[in-house]
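My questions all concern the structure below.
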Amino acid sequence: MINDNQSTQPFSDLDINSAADVTITITFPEANGILSPTTASFTHSGDVYTLALTDTASAVAFLNDLTFTPQPNRLAVGLVESTVFQIVADDGANSDTNTQFLVFSKSMGKV
């Protein structure tokens, strides 16, 4: 668990097993926070972030370094919010969905 004024790297243990290039989509409620950094190949629209087609090793390295920052002061002080990330890896022939990545953030109130 983190405080809502902290950041974390929720995908630091993520691995993808594919011999082909992959496109990654990550979906979670936009109101819960943001992923960073966004780049020309990692874009954000609403609840969906997309990593453009890239080789698997580069995709894994990029995702391992992504940072999630919760939306501060979204809940009453002391309440905890869970953010569930749905990750889809698609290599054009197969896609795999994982919803096992969660972040719990505790509201700390205004600083």
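So Ser107 passes all but one of these: (1) out of contact with any Lys or Arg (no Cβ under 7 Å at 6 or more places or on another chain); (2) at pLDDT 95 or above. Which condition number does it fail?
With respect to (1) out of contact with any Lys or Arg (no Cβ under 7 Å at 6 or more places or on another chain); (2) at pLDDT 95 or above, Ser107 is out only on (1).
Given the structure, is Phe42 crowded, with 16+ Cβ neighbours inside 10 Å, closer than 13 Å to Thr69 by Cα and touching a residue at least 12 places away in the same chain (Cβ under 8 Å)? So that I can check it myself, show each step before the final result.
Numbers: crowded, with 16+ Cβ neighbours inside 10 Å: yes; closer than 13 Å to Thr69 by Cα: no; touching a residue at least 12 places away in the same chain (Cβ under 8 Å): yes.
When the stated conditions are applied, Phe42 does not pass them.
Applying the selection to the stretch 8-36, what residues are buried (at least 16 other Cβ atoms within 10 Å of the Cβ) and either assigned to a loop (DSSP other than H, G, I, E, B) or charged (D, E, K, R) (or both)?
Scanning the stretch 8-36 gives Pro10, Phe11, Leu14, Ile16, Ser18, Phe28.
Which members of the stretch 63-81 meet the condition of being crowded, with 18+ Cβ neighbours inside 10 Å and closer than 30 Å to Gly92 by Cβ?
Across the stretch 63-81, the qualifying residues are Leu63, Leu66, Phe68.
What are the residues in the stretch 79-109 that are without any contact (Cβ under 8 Å) to a residue 40 or more places away in the chain and closer than 13 Å to Asn3 by Cβ, if any?
Hits for the stretch 79-109 are Leu79, Gly109.
Which of the following residues is assigned to a strand (DSSP E or B) and without any contact (Cβ under 8 Å) to a residue 40 or more places away in the chain: Ala57, Ala76, Ala52? Working first, answer last.
Details: Ala57 fails: assigned to a strand (DSSP E or B); Ala76 fails: assigned to a strand (DSSP E or B).
Being assigned to a strand (DSSP E or B) and without any contact (Cβ under 8 Å) to a residue 40 or more places away in the chain holds for just one of Ala57, Ala76, Ala52, which is Ala52.
Just checking, does the stretch 51-58 include any residue being touching a helix residue (DSSP H, G or I) at 6+ places or on another chain (Cβ under 9 Å) and among the polar types (S, T, N, Q)?
yes
The values are calculated or read from the model by the stated rules, or taken from the named source; none is laboratory data. What you see is a predicted model, and the numbers here were worked out from it, not measured in a lab. Here the Cβ is made from the backbone with ideal geometry for all residues, glycine too, and neighbour counts use every protein chain on show.
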